[in-house]
Structures are given as C-alpha cells and as structure tokens.
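Asker: I have a structure I would like to understand better, so I am pasting it below and will then ask my questions one at a time.
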Amino acid sequence: MSSPQTNHDPEQIQPTMYSRTKGVNPFVLLFSIIIIFSVLSYIVPAGQYERTEQDGRTVIDPNSFQFIESTPVGLLDIFNSIHLGMIEGAPIIFFVLVFGGALGILNGTGAINAFIQYVPIKFKNKELLLIPIMTLVFALLGAMIGSAEDALVYIAIITPLVLALGFDKLTAFAIVFVGMSMGFTAGITNPFNVGVAQTVAELPTFSGMGLRIILFIALYGATVSYIYLHVMRIKKNPSLGVFGNEAERAIAGKGTTVEKLTVPHKAILSLLLVTFIIMIYGVISLGWFITEIASIFLMLSIIASIIVRKRPNEIADHFVSGCADMIKGALIIGIAYGVLVILEEGNLIDTILYYSANMLEGLPPLLSTIGFFAVQSMINFFVPSGSGQAALTMPLMTPLADMIGVTRQTAVLAFQLGDGVSKVIFPTSATLMAGLAIAGIPYGRYVRWVLPLVLINATIGCIFLIVAQIIGYGPY
C-alpha cells in the first residue's frame, strides 16, 4: 500500500457499516447472548428485591431479597425479546435514525467533505497534534456532562476526517468513543453516574472532585498514549489498521478531486460549531437529552441546506439516505436491549446482585474496594447504563460499605470505575455496538485492539481505589 495522501475523494472515505470486514456478526453475537441467558433462566434461581420510588428513581431495599418461583424464558420469549428490545430501546434507536437523516442532509451541502479535505492540507505534517486535542474534547464531554449516546453523532462525523489524515477507523473510533467513555468513567461532574450514585449514597453532589480530576488526568494520559502507539504502528505498517475498502482506495490516491471550502461552507461549519455549543449548554442547564439533541441537529441541517439553496425534494432524499446509513446501528441497539429483556423476564438481575453483595461481605476493607470494582464491572455487563446501574446497585453497596469499613465516597468511586472501564468492551453496550457498526469495525477486531487498554485502565482504577481507602476518601 502506498503512503498516505492528503487529497482524497470525499465520496470514497465516508464511514460505512457495510465494509467487507471479517469477524463475528454483531447480530449473531448478541442473539447468542440472549440464548445463553435464556438457558440460565432454567438453572439460576430467580430472586427479587422490593423496590420503592425515591426522588423520582426506583431504588432497592437491600434487606428485602427473597427467592421466588422460577420464571424460565420460553422459546417464544427468546424471539419476543427482539421486538420488546426494540420497544425498550426506541428512544435511542430513533435518535440514531433522526440524527443519521440530519447528517445525510448536512453531507448533501458539501460543507463537511470540503472541511475534511481542508484539514489535512492545513495540518500537513502536524496531524498528530489533533489526536490529544480531539480526544480531550470528547473526554471532557463525558466527564463534565455525561455524554454517552451522542458519541454516535461524532463517530459518523470524525471517521472520514481521521481517514483523510491518513489514520484508520480504529483511531477515529478510539478518539471519540474510547475518549468519551474514559471521561465518563472519571465523572468529574457527570450527572448520570456520579451524580445519581452520590445522591443514593447521601453524599454531597459532586463532592470528592479533586481525586476524580487526578483520575481523569491519569486515564486521559493512558488513553492518548495508547492511541499514539497504534497510530505509530499503522504508519509503519498500514495493514495493521482498519481502513475498509473505501479508505484503501482513497489512501492509494484514487479520486483526488478537491472540493473548495466556499463562503457558504464556512457559514455552515460556523453554524455547526454554534450548534454544538448550544447542545452542551442545553444538556448542562436545560436538561436536554437525545430528543433535543437530535432535533437541534435536524434543524441545523435544514438551515444549512437552505444556505446552499437545496430544493425540498433534495433535502428529503438526503434525509432518507442518511437514515439508511444508520439502520444497522439502530437495529443493533434493539437487539442489545433484548438481552436486558431476557434478564428481566427470567428475574436474574436481582439474584446476581444478591450473590455479588454476599461475596464482598467477608473481605478486608482494602480488598473490598477492589471487590466492589469487580462486582460493578460484572453487573455492568447486564445493566450497561450508568444511571440505571447506580440506582440499582448503590442502595445495596452503600450499607454494605458502611458494614465493612469502606467510605461511601470510595464505594461511589468503585461504582463509576466498574461502570466505565468495562463499558468500552462489553457487547451488551448498545452504544458500543452501534458505534462499531457505523464506523465499519468488526467487534472481534476491536476487542483484540482495546483489551490491553482496558487492563491498563483497570489497573489505574485499582490503584486509585487503594489510595482512596488508605486516605479515607470522603467526606464519609
């Protein structure tokens, strides 16, 4: 393969989820997990905690567990879970489709393609400067406002830009998803994991921020260094990267038409920047979530099309085309939610929580912090939602921490690490699987790449938990 070029045909480097790459099909993987848990519903005893409403959230009474009559999942239930999972995941599924349509409209203006070609020329011989900058941006979004599902927005935008710089799809995916997940893990002021967990644990909101800032710096340094090592390897040997057929043709220098960055393009890009700022403000101050994010981006794309004088029929065609590009990722989200449906119908989640809590009771405090981390990581496989896991587990972990001599703040730290470190690898994460599909990266190939980083970040997490226990991380 020839050395990377900077002039590429933008139509050839768009990310695609239909790239001819080898690996386990994500639909097969997730359906296999559904079958496994369905079988376990006949083996693992069903259990149940009593739940109550507290400040608008469902919380568990930690002393109320009891085994109940088994509710094994039948053959029809296995297939019902697909449809029910689609219903459960509908808000995120339709967010992905609406955003995909909006992105299709925006791509139709030519502004993004022109910018993608402009950046490599502007940063010629300085491409590596973009990696820590872009990773920091997405990490801060995760750490400060709890960005997660909206990683799908940025993956679709950043992937062609990174390919145009001569890097591969794994680099783009790591900058956005891994960077954002790392920030989400550190949770400096993340309302969805730390905020909920501290509320349940009756801690002052966002207390203990100092140690989380240091944790953020450590995780950020490890993540950026790991991405750099990958980039250096593929620069020496491009066959080690994940490019896809479209990118390989672009890197080979086929189709070198350069689209000029015009005044209307610059106006659209400026509008895009303003939109992102408004989105961040809306999430922080106005309580916006995926509905508002999708809506404002759709509004932006229509205004952008008006700027370049697109006809209504053209706008509609671009919208449908953009939705079509996202359909695989949207469907994967529904299948991932189907796993949760099976766990709920088999009444397995509470049993898993009960035995996990019992495992921790006999450990000394210093080891218990690591045990909390391990248990939360395991539960994250079944409940891959930061706020959902916090509301589910912290009512159990808080009194358990009190009993075994671990501060509540340390228990929260163990929760956020358990929720976040494993989030970048578990296939039950709908956002992960959808993002990989959008970027066109096989799950198996990604796991082999990211596993060492997961182990590095898990080691960093264990060190911070030990320090937290030693210093009596508080206020209590």
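The values are calculated or read from the model by the stated rules, or taken from the named source; none is laboratory data. For clarity, every value in this text was computed on a predicted model and none was experimentally measured. Methodologically, a virtual Cβ is constructed for each residue, glycine included, from the backbone with ideal geometry; neighbour enumeration extends over all protein chains shown.
Asker: Conditions first: (1) surrounded by fewer than 16 Cβ atoms within 10 Å (Cβ to Cβ); (2) at pLDDT 90 or above; (3) within 22 Å of the chain's Cα centre (by Cα); (4) not β-branched (Val, Ile, Thr). Leu298 passes all but one, so which condition is the exception?
Answerer: Every condition holds for Leu298 apart from (1).
Asker: Find the residue count for the stretch 418-458, including only residues that are within 20 Å of Val406 (Cβ to Cβ) and of a type outside the set (A, V, I, L, M, F, W, C).
Answerer: Total satisfying the criteria: 3.
Asker: Okay, next question. Of the conditions (1) modelled with pLDDT of 85 or more; (2) in a helix (DSSP H, G or I), Lys310 satisfies every one except a single condition; which number is it?
Answerer: (2)
Asker: Return a yes/no flag: does the stretch 406-423 have any residue that is out of contact with any Ser or Thr (no Cβ under 8 Å at 6 or more places or on another chain), in a loop (DSSP other than H, G, I, E, B) and at pLDDT below 95.
Answerer: yes
Asker: Report, by residue number, each residue of the stretch 353-364 that is surrounded by 15 or more Cβ atoms within 10 Å (Cβ to Cβ) and either in contact with a strand residue (DSSP E or B) (Cβ under 6 Å, 6 or more places away or on another chain) or at pLDDT 80 or above (or both).
Answerer: Across the stretch 353-364, the qualifying residue is only Tyr354.
Asker: Quick test of your reading of the structure: Tyr443 fulfils all but one of (1) over 28 Å from Thr71 (Cα atoms); (2) among the hydroxyl-bearing types (Ser, Thr, Tyr); (3) over 16 Å from the mean Cα position of the chain (by Cα). Name the failing condition by number.
Answerer: Evaluating Tyr443 over (1) over 28 Å from Thr71 (Cα atoms); (2) among the hydroxyl-bearing types (Ser, Thr, Tyr); (3) over 16 Å from the mean Cα position of the chain (by Cα) leaves (3) as the failure.
Asker: Among what's in the stretch 180-197 and is surrounded by fewer than 24 Cβ atoms within 10 Å (Cβ to Cβ) and not β-branched (Val, Ile, Thr), pick the residue that is nearest to Ala411 (Cα to Cα).
Answerer: Applying the filter and picking the extreme gives Gly195.
Asker: Take the conditions in a helix (DSSP H, G or I), in contact (Cβ under 8 Å) with a residue 60 or more places away in the chain and not hydroxyl-bearing (Ser, Thr, Tyr) and apply them to Pro427. Does it pass?
Answerer: no
To keep it simple, each residue is scored yes or no on (1) in contact with a Lys or Arg (Cβ under 7 Å, 6 or more places away or on another chain); (2) within 25 Å of Val383 (Cα to Cα); (3) among the polar types (S, T, N, Q); (4) crowded, with 22+ Cβ neighbours inside 10 Å.
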site: Ser70; (1), (2), (3), (4): no, yes, yes, no
site: Asn80; (1), (2), (3), (4): no, yes, yes, no
site: Ala90; (1), (2), (3), (4): no, yes, no, no
site: Asn107; (1), (2), (3), (4): no, no, yes, yes
site: Ile133; (1), (2), (3), (4): no, no, no, no
site: Ala151; (1), (2), (3), (4): no, yes, no, yes
site: Ala164; (1), (2), (3), (4): no, no, no, yes
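Asker: Among the residues of the stretch 255-277, count how many are β-branched (Val, Ile, Thr), at pLDDT 80 or above, in contact with a helix residue (DSSP H, G or I) (Cβ under 9 Å, 6 or more places away or on another chain) and surrounded by fewer than 16 Cβ atoms within 10 Å (Cβ to Cβ).
Answerer: So the answer is 2.
Asker: Just checking, which of Tyr355, Tyr337 is among the aromatic types (Phe, Trp, Tyr), without any contact (Cβ under 8 Å) to a residue 60 or more places away in the chain and either in contact with an Asp or Glu (Cβ under 8 Å, 6 or more places away or on another chain) or farther than 24 Å from Leu203 by Cα (or both)?
Answerer: Of Tyr355, Tyr337, the one residue that is among the aromatic types (Phe, Trp, Tyr), without any contact (Cβ under 8 Å) to a residue 60 or more places away in the chain and either in contact with an Asp or Glu (Cβ under 8 Å, 6 or more places away or on another chain) or farther than 24 Å from Leu203 by Cα (or both) is Tyr355.
Asker: Another question, then. Looking at the stretch 285-295, which of the residues that are surrounded by 15 or more Cβ atoms within 10 Å (Cβ to Cβ) and part of a helix (DSSP H, G or I) is modelled with the highest pLDDT?
Answerer: The selected residue is Ser295.
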